[in-house]
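Note sheet for the following structure.
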Ligand code: ADP
Ligand code: TMP
Ligand code: ASP
């Protein structure tokens, strides 16, 4: 399929979304920009968009080969992915296997503690409110998802986490936690959308426990691109 990207529809914090010649398809462009704390910390590193784009494209392909419905149609270039245009659910679905980040801050668990089973959390995708954690009652109150839809998305998210944990383990990486986004397709139901990359996951080296993900930026430790390239390398993608 040879499609051109047309006008810019949306400029997000790390990616641009373009219209294409096909109204049902969009082009997502991964930029070098990085933000944390709902955009309060901003940065940019050459090569970040390329590394995150390549990793995400590979993982979406991997998931789709293992039966997960995703938005990805085709890789147009290392930073440009052709995707199905979806009505996005304004909920960020976080799956955790190891205590880190906001779970440690909120509940006082020791960082690095392995959880008895994967934990699924819902966050309201609203930068103006600071993406708050949602109880399932809040998801119902805001009519974001029905109970049946929450069950469906939870099961998809846990399946995705299981598949990716195994794949990262082969690369000597521990998948600590990850953030997923889903969108509704008029004919195909919920599809995994957005991206899966070290921008949206915590990945720790299995031996040393060091971070190979955006936590380096969140903690003010630049540069991050060598870590992202190490993930690319360990997945057998390049270098
Ligand atoms: P944000 O500023 O919201 O953090 P990004 O910089 O990642 O976002 O920009 C990408 C935007 O594209 C996000 O708002 C995401 O929800 C949206 N998006 C991702 N996949 C799709 C899709 N398949 N269809 C429509 N929108 C999508
Ligand atoms: P947290 O511990 O900060 O809540 O993050 C949980 C996971 O979600 C972690 O892998 C990082 C990812 N994440 C995002 O991708 N985007 C976000 O806005 C936040 C807050 C977390
Ligand atoms: N959502 C946060 C921001 O964009 C990023 C993060 O911590 O992952 O500011």
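Before moving on, here are some points about what is shown:
- Compared with the alpha-carbon gap, the fully stretched path from residue 188 to residue 147 is longer by 12.9 nm at 0.36 nm per residue.
- For the pair residue 40 and residue 234 in one chain, pulling the backbone fully straight at 0.36 nm per residue adds 66.7 nm over the alpha carbon distance.
- Using a Förster distance of 22 Å, the FRET efficiency for residue 114-residue 170 (Cβ separation, nearest 0.05): 0.70
- Protection proxy ranking, highest mean first, for peptides 222-230, 192-200: 192-200, 222-230, where packing is the per-residue count of other beta-carbon atoms within 10 Å, averaged.
- Cα-based shape type of the range 79-176, given that a ≥ b ≥ c are square roots of the gyration tensor eigenvalues and the cut on a/c is 1.5: oblate
- Rounded if a/c under 1.5, otherwise prolate or oblate - the chain, Cα gyration tensor axes: rounded
- A straight chain from residue 128 to residue 3 at 0.36 nm per residue would run longer than the Cα-Cα distance by 41.5 nm.
- The range 1-82: C-alpha gyration tensor shape, a/c 1.5 cut-off, then a/b vs b/c: oblate
- Residues residue 11 and residue 205, FRET efficiency given R0 of 35 Å [Cβ-Cβ distance, rounded to 0.05]: 0.55
- For the chain: relative contact order, % (alpha-carbon pairs under 8 angstrom, 6 or more apart): 17
- Sum of -39500 (n - 2.57) over DSSP H runs of 4+, divided by residues of the chain (222 nm, nearest 500): -9000 deg cm²/dmol
Here, each number is a calculation from the coordinates, and none is a lab measurement. Computed from a predicted model, the values in this text were never measured in an experiment. We place every Cβ from the backbone using ideal geometry, glycine too, and count neighbours over all the protein chains shown.
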